[in-house]
Amino acid sequence: AKENGSAQYRFYDAASDQTSLEQVMLERDLENAIANGQLRLLYQPKIDIRSRRTVGVEALVRWQHPLLGTIPPLKFIPLAEKSGMIVPIEQWVLRTACMQVKQWELEGSEVVPVAVNISQIHLMKPDIYQSIIDLLQELDFPPSLLELEITESAMMHNEEHVIRILENLKQVGVSVSMDDFGTGYSSLSYLQSLPIGCLKIDRSFIHKMATDSDSRAIAEMIISMAKQLGLDIVAEGVETEEQVAMLRHLECYNAQGYFYSKPVPPERALQQMTDIPAS
Ligand code: C2E
Ligand code: CA
Ligand code: CA
Ligand code: CA
């Protein structure tokens, strides 16, 4: 039994060594990922379900690792947050996304706002507002075409700082959405005090909506509350026609999800949704 135990122990140890080796490799390589040109952005359209037109896009980062292939953000964003690389990464994302909109415009596409995800660590930087202003000026980019997505939980830290930054951004015309709404615990009064333009309903509600009447009731409440507060609403993670029908019924007309499009490279992001069955 003892031998068996130690064999199991060795086996287990080897397995965990391998993961940590990968972690170490990722952490080391992430530092040079920008300089090595290994980051790229995909774009997922936000769709008006009535017209099926693209009303905006969200930029989502990918890391093309030379040995490990494409690394999804859920695997390296946490590492980047730990090492502080998240700030230069998101600065790269902001710049690249804004340049992409200008490129689309040059190519004659109809321009829509681009949304970029901003982490709590980045949001807390004292100079975040100024660095965004500097970027917009350098690129001569219209602030109304830039949107920032900030999670509900990130907004709940250091409320005074967050409110001041969001107010400044709003003044110059950059809009802010609350991302993953419904997964945190913000009170309604707090929501009212935040200068945000849009709520993105987390995909967990959208998924459960069809089968679970509680989730449907929550989604319904979120939508009517957002309307009363004068906020736009986007439903995230819309995958089925049934969900689209429910959203239509609830008068939530903006949706993002695989039903319409996965995140795609820039050359496909603004294609119209003509090959999708009407619902
Ligand atoms: P998110 O901001 O909630 O972005 C939406 C995620 O849901 C994306 O995953 C997208 O591919 C996925 N998604 C969209 N539609 C559907 C659907 O119909 N079904 C399902 N199951 N999933 C759908 P992705 O690209 O893997 O990104 C995951 C998360 O990584 C993002 O969640 C965001 O929190 C984070 N992320 C991505 N880029 C950045 C960035 O530049 N900065 C920061 N801080 N986070 C980022
Ligand atoms: Ca987002
Ligand atoms: Ca989200
Ligand atoms: Ca999310």
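Worth a mention:
- Label positions at Lys170 and Arg268, each projected 7 Å from the Cα along the C-beta direction, are separated by 3.8 nm.
- Ratio of Rg to Rh for region 95-208: 0.99 [Cα atoms; Kirkwood radius as inverse mean 1/r over pairs].
- Each principal axis of region 182-243 carries a Cα extent, and these read 33, 18, 18 Å when sorted largest first.
- Degrees, to the nearest 10: 159-172 long Cα axis against longest axis of the chain: 50
- Note on the chain: Rg/Rh from Cα positions, Kirkwood definition for Rh, rounded to two decimals, is 1.02.
- Modelled spin-label separation between Gln192 and Ser153, with each label point placed 7 Å from Cα along the Cα-to-Cβ direction: 2.7 nm.
- The calculated 222 nm mean residue ellipticity attributable to helices in the chain amounts to -15000 deg cm²/dmol, summing -39500 (n - 2.57) over DSSP H runs of n ≥ 4 and dividing by all residues.
- Estimated translational diffusion coefficient (Stokes-Einstein, Kirkwood radius over Cα pairs, 4 °C, 1.567 mPa s) of region 4-163: 72 µm² per second.
- Per residue, the convex hull spanned by the Cα atoms of region 138-264 amounts to 117 cubic angstrom.
- Length available on full extension from Glu22 to Gln91: 0.36 nm per residue minus the Cα-Cα distance, which gives 22.3 nm.
- Debye, to nearest 20: dipole size of the chain, +1 on Lys, Arg Cβ, -1 on Asp, Glu Cβ: 280
- Taking Glu58, Glu160, Glu90 in turn, the Gaussian network model of the chain (Cα-Cα springs below 10 Å) assigns the largest fluctuation to Glu160.
- The H on the amide N of Ser119, modeled in the peptide plane, is under 5 Å from the matching H of no residue at least 5 residues off or on a different chain.
- Between Leu67 and Glu105, full extension at 0.36 nm per residue minus the direct alpha carbon distance yields a gain of 10.2 nm.
- Listed residues Lys170, Lys82, Lys262, most fluctuating in the chain (Gaussian network, C-alpha, under 10 Å): Lys82
- The chain: relative contact order as a whole-number percent, Cα under 8 Å and 6+ apart: 18
- Translational diffusion of region 163-218 was estimated from the Stokes-Einstein equation, with Rh taken as the Kirkwood radius over Cα pairs; at 4 °C and 1.567 mPa s the coefficient is 102 µm²/s.
- Accessible area per residue, Å², region 166-251 with all protein chains present, probe 1.4 Å: 49
- Nearest 10 degrees, 0 to 90: helix 128-139 Cα axis against the chain principal axis: 70
- GNM result for the chain, Cα springs below 10 Å: residue of Asp180, Asp48, Asp214 fluctuating most strongly: Asp214
The values are calculated or read from the model by the stated rules, or taken from the named source; none is laboratory data. As the structure is a computational prediction, the values presented were derived from the model and not from experiment. No Cβ is skipped: glycine too gets one built from the backbone with ideal geometry, and neighbour counts run over all protein chains shown. Quick note on the areas: whole protein, heavy atoms, side chains included, nothing else; ligands and nucleic acids left out. Shrake-Rupley method; radii C 1.70, N 1.55, O 1.52, S 1.80 Å.
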